[in-house]
Amino acid sequence: MKVSVILCTFNRSATLPSALDSLVAQVLSPSVPWEIVVVDNNSSDETRATIERYCNRYPGRLRYLFEPQQGLSRARNAGIRAARGEIFAFLDDDVVADRDWLSNLTSALSDSVWAGAGGRVVPPEGFSPPHWLTLGGDMDLGGPLALFDLGMMPGDLKRAPFGANMAFRRSMFEKYGDFRVDLGRCGSSLLSGEETEFANRLLAASERIRYEPTAIVHHPVPAERLNEKYFRNWWFDFGRGRIIERARRPSLLGLSREWFSILNLLWRFLPVRTMRWLLTLSPPKRFYHKCQVWLTVGEIVQNYRVAFSR
């Protein structure tokens, strides 16, 4: 097996068929054997029946896997253990992939130069962001909508790709370990970042991750996410995740280093970001700075929790 697509799903039997239809329609060279591993992360709806219909319709192409422990990281790790390919491609359960998505995303990974690859995650055609939201550029706020678009120029990624559209060689997991289970979506929690942490592990080890703009998936934009409260909560948990991702550090002068981090954030970052939020007139720029404040508060809160847990 050359390529394994790992798709993890939880209680999305209504939208899952669109993702599976786009997967089974992928166009690859006949010389590239590939499979789809669908991981049911303890769903309580019709997910199992939906997947099994596709397994019966496309025997040998799809496999069903049940992971009873809740959490996206656990589901992805279960898919990694079950997959037979030398390249693992990851896709969300609510996206639609272009027909050449898999071929374009994974073709460069046959070369050991590249440890992984990430493609574009774009909104539905005709999507118009609200006036307070900036997508792309230096003030990109596409993270809460799982949108990732760095333009049409391929090359080295200096930041982690998004989990809705990424691939890594099997050897990277054998060398650097699996996704961390203390990160990643679980139930209604917005805490994520397991793919970011894994990709950062690779980048820190001087591995190369390719940006492939021709590997495109289309991500829906649910109406319930298009409000400022959702974005604030997402950036708060993103800040928490950045601290969880960081390795524990030795104490300094008998005090947990997290206390020094809290003082640094309160003194250097929070006042500046708060002033930018309050003094900026442009609605999208103002909201960007507001989200930076919520990110900083999330970092402070998680540092506090870590300091008290020692």
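Brief remarks on what is shown
- Each listed q (0.09 Å⁻¹) maps to a log10 I(q)/I(0) for the chain, found by the Debye formula over equal Cα scatterers with no solvent: -0.48.
- The magnitude of the dipole of the chain, with charges of +1 and -1 set on the Cβ of Lys/Arg and Asp/Glu and taken from the Cα centre, is near 1060 debye.
- Taking amide hydrogens as placed 1.01 Å from N in the peptide plane, the amide H of Gly71 sits under 5 Å from those of Gly187, each at least 5 positions away in sequence or on another chain.
- The length gained on full extension between Arg159 and Val181, counted as 0.36 nm times the residue separation minus their Cα-Cα distance, comes to 5.8 nm.
- Dipole-positive endmost among Ala205, Ser110, Gln26 within the chain (Cβ charges, Cα centre): Ala205
- Approximate shape of region 51-104 as ellipsoid semi-axes (Cα gyration tensor, √5λ), whole Å, largest first: 19, 16, 13
- Inter-probe distance in nm under a simple model that places probes 7 Å from Cα toward Cβ, at Glu224 and Asn11: 0.9 nm
- Remark: spin-label model distance Gln70-Ser171 equals 3.9 nm, labels positioned 7 Å along the Cα→Cβ axis.
- Crossing angle, helix 270-279 versus the chain [Cα axis fit, 0-90 degrees, rounded to tens]: 90 degrees
- Cα-based shape type of region 103-155, given that a ≥ b ≥ c are square roots of the gyration tensor eigenvalues and the cut on a/c is 1.5: prolate
- Region 227-253 residues near the modelled Lys285 label - backbone nitrogen below 20 Å, point 7 Å along Cα→Cβ: none
- Oblate is the label for region 133-265, because the ratio a/c of its alpha-carbon gyration tensor axes (a ≥ b ≥ c) is 1.5 or higher and a/b is not greater than b/c.
- Inter-label distance for Ala82 and Leu28, nm, one decimal - labels placed 7 Å from Cα along Cα-to-Cβ: 1.7 nm
- According to the calculation over all Cα-Cα pairs in region 11-156, the P(r) per 5 Å bin from zero is 2, 8, 15, 20, 19, 17, 11, 7, 2, 0 %.
- A straight Cα-to-Cα reach below 29 Å connects Lys158 with the lysines Lys2, Lys175, Lys285, Lys290, residues fewer than 8 places away in its own chain not being considered.
- Crossing angle, helix 47-57 versus the chain [Cα axis fit, 0-90 degrees, rounded to tens]: 30 degrees
- Net length gained if the chain between Arg246 and Ser128 were fully extended (0.36 nm per residue, minus Cα distance): 38.9 nm
- Environment charge of Glu245, counting only residues whose C-beta is closer than 10 Å and scoring Lys/Arg +1, Asp/Glu -1: +2
- Relative intensity, log₁₀ I(q)/I(0), of region 228-309 from a Debye sum that treats every alpha carbon as a point, q = 0.15, 0.23 Å⁻¹: -0.55, -1.03
Any read-out appearing in this document is the output of simple, stated calculations on the displayed coordinates, not a laboratory observation. Please read these numbers as outputs of a predicted model, since none were measured by experiment. Virtual Cβ from ideal backbone geometry, glycine too; neighbours counted across all protein chains shown.
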